[in-house]
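Read the structure below first, then the notes.
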Amino acid sequence: MPRCVELILAAGRQMLDVDSAWVRRVCLRPALIVLFMTGVLLCLTPSGWSQSKPPTPTLTSARQKYLGAKVTIKGPLESSPGLLALYINWRVAKQDTHGRYHAVSPVYSARLPYGYERHQSTIIAVQLSDDQPKGPWIDVLGNRHEANEIGPNFDFLVRFDDGVIGVCTSSLESPGGNFDVVTPKPNPQK
């Protein structure tokens with residue numbers, strides 16, 4: 001490489017070193033001060049203290065949203081060779097003498113068969129599920145949870161056009177895995 005090219009490259013490297021030192025000295029300190037002050041302000045504002053959790057769904061809010069809505073059921077199926085496919089999350093339900101609905105039986109025979117997704121159905125009742133956590137529990141990672149940390153589970157009861165009543169249990173945040181709303185509830189309250 002010619003000597004003049006080497007001198008030009010060396011001068012360029014030296015200039016970069018000088019420019020880098022100047023940038024660090026002039027720009028870095030103010031940038032660090034701005035970042036530090038931003039962090040302090042975030043810690044001192046109420047939004048920085050804690051994240052607010054959305055309100056816990058209530059039975060009233062679940063009923064207001066879904067009671068009377070026309071739905072089509074869906075969900076995972078279980079099938080065996082030669083047998084009819086059955087919905088895993090949907091069971092046949094009956095009403096007891098106190099007006100509460102219960103699954104006929106938790107066994108395989110009480111599940112709704114595949115094909116009911118074509119039937120028209122209406123949500124006739126929404127009730128708190130019997131499957132609520134009763135006290136603190138420890139998850140698979142060893143973290144302790146209290147019963148009031150999660151939203152409640154609800155039983156959604158639908159009556160099909162043939163008179164069969166089906167029930168599925170879901171939280172209010174995720175009923176979409178079990179049914180799709182075709183027509184919202186009539187005359188929603190404002």
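Assuming R0 = 25 Å, can you tell me the calculated FRET efficiency for the pair R63 and T183, based on Cβ-Cβ distance, to the nearest 0.05?
After rounding, the FRET efficiency stands at 0.90.
Using label points projected 7 Å from each Cα along Cα→Cβ, tell me how many nm separate V164 and W137, to one decimal.
2.9
How far apart, in nm, are the 7 Å Cα→Cβ label points at R144 and M37?
4.3
So if each residue of separation counts as 0.36 nm, and I subtract the Cα-Cα distance between S129 and K94, what length gain in nm does that give?
Using 0.36 nm per residue and subtracting the Cα-Cα distance, I get 11.1 nm.
Which net charge results when you count Lys and Arg as +1 and Asp and Glu as -1 among the other residues whose beta-carbon is under 11 Å from that of G75?
-1
Convert each backbone phi in region 171-176 into a coupling constant with the Karplus relation 6.51 cos²θ - 1.76 cosθ + 1.60 (shift: θ = phi - 60°), then list the ³J(HN,Hα) values in order as whole Hz, x for Gly and Pro.
Those phi angles translate into 7, 5, 6, 9, x, x Hz.
Along the positive direction of the dipole of region 59-183 (beta-carbon charges: Lys, Arg +1; Asp, Glu -1; about the Cα centre), which of Q95, H145, Y114 reaches farthest?
Result: Q95.
Any read-out appearing in this document is the output of simple, stated calculations on the displayed coordinates, not a laboratory observation. These numbers were taken from a predicted model, which means no experiment stands behind them. Neighbour counts run over all protein chains shown; Cβ positions are idealised from the backbone, glycine included.
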